[in-house]
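Notes to accompany the following structure.
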Amino acid sequence: MDTTDDTLYMKQYVSQHPDNKMAWYLLGKQYMLRGMDAKANYCFLQSGEIYDAYERKRHPLAEQPQEMLQYWNRRQKRKRLSRRVVGLAAVFLLFVLLMPSNAERVETVADDAIAMQPVKASIGVVLVKAGDRRPIGSAWNGILAWPEQPNLALAVRLEEEDGWRKWTGTKRILMSVNRESGSSAMNVRMHDSASCNCQPADSSVAKAELDRWAEEQELRWTLASAIYQYNRLYGGWPQKLEQLTRSYPYNVLSGDTPEMRAMFSTLLAAVKADRAEKDSGKGQGEETGQEQSANELFVSGTEAVHKQWRQPLQIVVDKATHRLAVVSGDIIVRSYPVGLGGDETPEGSFYISEKVRNPNGKKDGPFGSRGMTLSNTLYAIHGTDEPDSIGLDKSLGCVRMGKADVEELFDLVPLGTVVTIKNGTLPSKAAAPAERFKLEPQANESNPAKVYRWLN
């Protein structure tokens, strides 16, 4: 059996036995024989301690990726330089032999100008959990597993408390990996001294890119959640974004943004694929509450469908701490102080069955400027004209919020969002966002025909 056959056999075996670390190690050795270093490294990382035992050393990418990749980058650059010299010589010879006319030369220059227009860089992010003992190695596992490599990959750790990760808390950048467009070379920078035992590189550029990506990720969470809820509510898929931003009572989304319009098709495909996977029994099913998952992978700026939205946004209300949180798995996307009604506020699972702007035609009445009915009952999440009651048990059962908070929540979560009311589950405090999440209204979300009598 030749090397190609051996590799094919091992690939099939690994796909059937993904937990067999010896198989991963042997497949890596096959890739090394064929000169496919990147794939070999990925397999060696999957093999874990098997690689350590047989090679009698740790894999360089597990803890010290920077030194190895710098060497690999230099080698790749020398190879590219040699190819370019040969390629330029061939092109020059062909140009001399087949020189076009003046008109043809003008057309060629125009085509080259179009081809050289810059393409928006894609960004990939791996969220590494604090309990990971080998954060850099785990991050590399995720980065090398992407079907398409982004121009910039970041390994990031979110602030954690009581088993929750805080989206608006401190974000620590552990590592950044830059890849030249169309090139296999990767430039690695370590930004966290505790993770690399080194002098960390400047992270200002990486932080700016992370902030930009985080803003886009919030839009992806909301839009993907809206697509998902539309399917649950109406039994079909929206063909265009406008179907999500209709007037009351079909206002699944409270508006949109230009960025949402640009990402709609990609996210629609992602949610459809995820739904099909779960329906076929291959997915993990629909989960509620906290999710103890592996490190998440997010990629933006590419047409490839990746797990860039995790699962639909949900709302968790904690009666013990008087907090309302918007969560995705174990990530707290937003957390707000709320007013409740003590024992009058029911515990259990609900969903947002109605979203209305300016209930009873008022933006400063007893229900404030926004209201969201829970499961077609007299309970609701709404604003209040008694801001001093926030943090206390003074309502008749409803969830009261401050004006800025309820208006942000109204835009952030779509119609159909699951609401779970518990006792003792959320951290008592969370950092406020640097900027409020806000959508551009596209339709009339008021309902003047109805008099609301929620249990305020």
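The values are calculated or read from the model by the stated rules, or taken from the named source; none is laboratory data. Note that the coordinates shown come from a computational prediction; the quantities given were computed from them, not determined experimentally. Glycine gets a Cβ as well: all are built from the backbone with ideal geometry, and neighbour counts include every protein chain shown.
If the condition is being in a loop (DSSP other than H, G, I, E, B) and out of contact with any Lys or Arg (no Cβ under 9 Å at 6 or more places or on another chain), then the range 433-442 contributes Ala434, Glu435, Arg436, Lys438, Leu439.
Could you list, in sequence order, the residues of the range 119-144 that are surrounded by fewer than 17 Cβ atoms within 10 Å (Cβ to Cβ) and touching a helix residue (DSSP H, G or I) at 6+ places or on another chain (Cβ under 7 Å)? Hits for the range 119-144 are Asp132, Arg134.
Would you be able to say whether some residue in the range 231-252 is more than 23 Å from Lys355 (Cβ to Cβ) and loosely packed, with under 15 Cβ neighbours inside 10 Å? Looking through the range 231-252, none of the residues is more than 23 Å from Lys355 (Cβ to Cβ) and loosely packed, with under 15 Cβ neighbours inside 10 Å. The residues of the range 22-36 that are surrounded by fewer than 16 Cβ atoms within 10 Å (Cβ to Cβ) and either in a helix (DSSP H, G or I) or in contact with a strand residue (DSSP E or B) (Cβ under 7 Å, 6 or more places away or on another chain) (or both), listed by number, are Met22, Met32, Leu33.
Taken over the range 395-424, the criterion of being among the small types (Gly, Ala, Ser), surrounded by fewer than 19 Cβ atoms within 10 Å (Cβ to Cβ) and either within 11 Å of Met372 (Cβ to Cβ) or in contact with a strand residue (DSSP E or B) (Cβ under 7 Å, 6 or more places away or on another chain) (or both) is satisfied by Gly424 alone. Counting only residues that are out of contact with any strand residue (DSSP E or B) (no Cβ under 9 Å at 6 or more places or on another chain), part of a loop (DSSP other than H, G, I, E, B) and touching a residue at least 60 places away in the same chain (Cβ under 8 Å), the range 214-249 holds 2 of them. Against the definition (surrounded by 15 or more Cβ atoms within 10 Å (Cβ to Cβ), part of a loop (DSSP other than H, G, I, E, B) and charged (D, E, K, R)), how does Glu445 come out, yes or no? For Glu445, the condition - surrounded by 15 or more Cβ atoms within 10 Å (Cβ to Cβ), part of a loop (DSSP other than H, G, I, E, B) and charged (D, E, K, R) - is met. When we screen Glu180, Glu148 for residues that are free of Cβ contacts under 8 Å to residues at least 40 places away in the same chain and over 30 Å from Ala325 (Cα atoms), the only hit is Glu180. Restricting Lys429, Lys438 to residues that are farther than 13 Å from Phe367 by Cα, at pLDDT 95 or above and of a type in the set (D, E, K, R) narrows the list to Lys438.
Filtering Ala185, Ala206, Ala194, Ala214 for residues that are in contact with a His (Cβ under 8 Å, 6 or more places away or on another chain) and small (Gly, Ala, Ser) leaves a single hit, Ala206. Residue pairs whose Cβ atoms lie under 8 Å apart, sitting 6 or more positions apart in sequence or on different chains, and linking a residue in the range 261-287 that is within 25 Å of Gln442 (Cα to Cα) and surrounded by 14 or more Cβ atoms within 10 Å (Cβ to Cβ) to a partner that is among the basic types (Lys, Arg) and modelled with pLDDT under 85, are Ala270/Lys307.
Only a single item in (1) in contact with a Lys or Arg (Cβ under 9 Å, 6 or more places away or on another chain); (2) farther than 20 Å from Ile227 by Cα is not met by Asn376, and it is number (1).
A quick yes/no check of all residues on (1) at pLDDT below 95; (2) under 30 Å from Lys429 (Cα atoms); (3) not in a strand (DSSP E or B):
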site: Glu148; (1), (2), (3): yes, no, yes
site: Met175; (1), (2), (3): yes, yes, no
site: Val188; (1), (2), (3): yes, no, no
site: Ala194; (1), (2), (3): yes, yes, yes
site: Cys198; (1), (2), (3): yes, no, yes
site: Arg212; (1), (2), (3): yes, yes, yes
